[in-house]
Amino acid sequence: MADDYLIFRPDDVDLARSPLRRGVDEPTYVLGAFNPGFARLPNGNLVMMVRIAEALRDPVAADCARAIRWTPQGYVLDAHPLAGVDMGDPRQFALKDRNPRLLGLTSLSWLLPVELSPDARAIVAVHYDRAVAPSASFLEYGVEDARITRIDGIYWMTVCGVSAERHCTAMYRSANGLDYELLGVVLDHQNKDVILFEGKVAGKFLALTRPLGEVYFAYPEDSPWLGGPSINIAQSPDGLHWKPLDAPGLRARKGSTSNQRIGGGSQPVLTDAGWLLIYHGVEKRDTVGIYRSFWALLDPDDPTKILRQEDGDPVLEANPALTADIAHQMYLPTPVVFTTGLVDAGDHYIVASGEADLACRITHLPKERFR
C-alpha cells in the first residue's frame with residue numbers, strides 16, 4: 001500500500017446504525033465522512049473519531065428548506081420557507097436579509113469511532129455503539145471536527161458544537177480513547193480549531209485556539225503579518241477553565257499564498273526541537289477557498305515563541321487521484337485537505353486528514369520532512 005491513501009469513505013458508513021434513526025424516518029445519505037480526531041489507543045491500535053455529516057436526501061419539501069435538529073425527545077426537522085433563504089452552498093443555507101448572517105445546515109454531524117491497526121493501514125472495528133452524537137442544546141445542530149490529545153493517560157477531545165444558542169468548543173474526556181464523557185462548553189462563540197498540546201508546560205494545560213469575528217484590524221504596511229483569523233494559545237489549570245495568553249501565536253503572513261486565514265490542525269507534539277504542529281492555511285478562491293496543510297515549530301518552554309513557520313511549501317495538498325473513484329460524491333468547488341491529527345510511528349508520523357470534506361485520508365510522513 002502507498003503511504004498516502006483514503007482509509008474511510010462515505011459508503012463505509014452504515015446509516016441503519018446512525019443515531020439519527022431516533023427520530024428521522026426520511027431517507028438520508030452521508031454527505032461526508034471526514035476530519036477525524038486521531039490518537040493511539042492503549043492497546044496500540046489507532047482511533048479516528050470520524051465526523052459523519054448526515055444529510056436529508058430531499059432537503060427541500062413543501063417549499064421549505066429543512067434542517068435536522070436534536071432535542072431531548074429525539075431528532076426533528078425544522079422548516080424554513082424557500083423564499084426567505086439562499087441555498088447557494090451545498091453545506092448550508094442562509095436566511096436572506098439578516099445581519100449578522102443566520103445559517104442553517106443541510107446536514108447534522110456526529111462522531112463515529114473507527115479503530116485502525118497500529119500502522120493505520122487496516123480498519124479493525126467500527127464502534128457504532130460508542131458514537132458521539134448531540135446530547136445538549138449547545139450541540140443541537142451537530143458535533144463537528146474532533147481533535148484528540150492524550151495527556152497523562154487521559155484522552156481530551158475538543159469538538160465544535162453547533163446550535164442556535166452559540167457556535168462553541170465543547171470538551172469530552174475518556175480514560176480509554178473510545179468511551180467519552182461530555183464535560184460541557186469550554187470556549188464560547190466561534191472559537192474553533194481548539195487543540196490541546198500533548199503535554200503540559202510549567203504544570204499547565206495549553207491549547208491552540210482560533211477565535212473568529214466579523215471585524216479585524218490591519219497591520220502596518222511594512223509588517224510581515226496580515227490581519228484576520230489566526231492561531232492563538234490559551235492555558236488552563238485543569239483542562240476546563242481557559243485563559244488566553246497575552247502574546248499572539250501563529251499569524252498569516254503576507255508572503256504566503258494561503259493567508260486568507262489559518263487554523264490549528266494536529267495536536268502539538270513535543271520533539272527534541274520543540275512543539276511540532278501541522279496547521280491549515282486557506283487561499284481565497286470561490287466560496288470555500290483552497291485548504292492546504294503547513295507546519296510550525298514552537299519553543300518547548302514558551303510556545304508563543306515561533307521557532308519556525310513553514311508556510312511556503314505545503315506539507316499536504318488535496319490529491320484528486322485519491323478521490324477519483326468517488327468523484328461523483330464531490331460537492332466542494334475547490335481543493336481541500338484539512339489535517340486533524342498526528343501520531344508518532346518511530347521514524348515517521350502518521351497524519352490523519354479530511355480530504356475534500358468527503359473522506360478520511362492517512363499520510364505517512366518521514367520525520368526528516370520536519371527538519
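The values are calculated or read from the model by the stated rules, or taken from the named source; none is laboratory data. Just so we're clear, the structure is a prediction, and the values are computed from it rather than from any experiment. Here the Cβ positions follow ideal geometry from the backbone for every residue, glycine too, while neighbour counts run over all protein chains shown. Accessible surface is based on the protein model in full, side chains and every heavy atom, while ligands, DNA and RNA are left aside. Shrake-Rupley method; radii C 1.70, N 1.55, O 1.52, S 1.80 Å.
Observations on the structure shown:
- Of 335, 303, all but one fail to be open to solvent by 20 Å² or more (accessible area, probe 1.4 Å) and of a type outside the set (Lys, Arg); the exception is 335.
- Residue that is least open to solvent (accessible area, probe 1.4 Å), among those in the stretch 1-10 that are of a type outside the set (A, V, I, L, M) and assigned to a loop (DSSP other than H, G, I, E, B): 9
- Residues that are in a strand (DSSP E or B) and open to solvent by less than 20 Å² (accessible area, probe 1.4 Å) were ranked within the stretch 110-125; the one that is farthest from residue 158 (Cα to Cα) is 116.
- Counted residues, the stretch 194-224 - those being at pLDDT below 95 and either in contact with an Asp or Glu (Cβ under 9 Å, 6 or more places away or on another chain) or open to solvent by less than 20 Å² (accessible area, probe 1.4 Å) (or both): 0
- Residue within the stretch 90-104 that is under 30 Å from residue 277 (Cβ atoms), of a type in the set (S, T, N, Q) and either open to solvent by less than 20 Å² (accessible area, probe 1.4 Å) or at pLDDT 95 or above (or both) present: no
- Scan of the stretch 138-161 for residues that are touching a strand residue (DSSP E or B) at 6+ places or on another chain (Cβ under 9 Å), free of Cβ contacts under 8 Å to residues at least 60 places away in the same chain and open to solvent by 20 Å² or more (accessible area, probe 1.4 Å), ordered by number: 138, 154
- The residue that is nearest to residue 129 (Cα to Cα), counting only those in the stretch 11-23 that are surrounded by fewer than 19 Cβ atoms within 10 Å (Cβ to Cβ) and of a type outside the set (Asp, Glu), is 17.
- The stretch 313-347: number of residues that are within 22 Å of residue 41 (Cα to Cα) and without any contact (Cβ under 8 Å) to a residue 40 or more places away in the chain: 2
- Inspection of the stretch 54-75 finds a residue satisfying the criterion of being closer than 30 Å to residue 122 by Cβ and under 23 Å from the mean Cα position of the chain (by Cα).
- If you go through the stretch 272-287 and keep only what is hydroxyl-bearing (Ser, Thr, Tyr) and surrounded by 15 or more Cβ atoms within 10 Å (Cβ to Cβ), you end up with just 279.
- Single residue of the stretch 230-254 satisfying the filter (in a loop (DSSP other than H, G, I, E, B) and open to solvent by 70 Å² or more (accessible area, probe 1.4 Å)) that is nearest to residue 270 (Cα to Cα): 237
- Strands (runs of 3 or more DSSP E) (entirely within the stretch 262-371) containing at least 3 residues that are over 21 Å from residue 225 (Cβ atoms) and at pLDDT 95 or above: 269-271, 337-344, 348-355, 359-366
- Counted residues, the stretch 62-107 - those being at positive phi and in contact with a helix residue (DSSP H, G or I) (Cβ under 6 Å, 6 or more places away or on another chain): 1
- Boolean, residue 214 is touching a residue at least 40 places away in the same chain (Cβ under 8 Å), in a loop (DSSP other than H, G, I, E, B) and of a type in the set (Asp, Glu): yes
- Yes/no for residue 227 being in contact with a helix residue (DSSP H, G or I) (Cβ under 9 Å, 6 or more places away or on another chain) and either within 27 Å of residue 102 (Cβ to Cβ) or open to solvent by less than 30 Å² (accessible area, probe 1.4 Å) (or both): no
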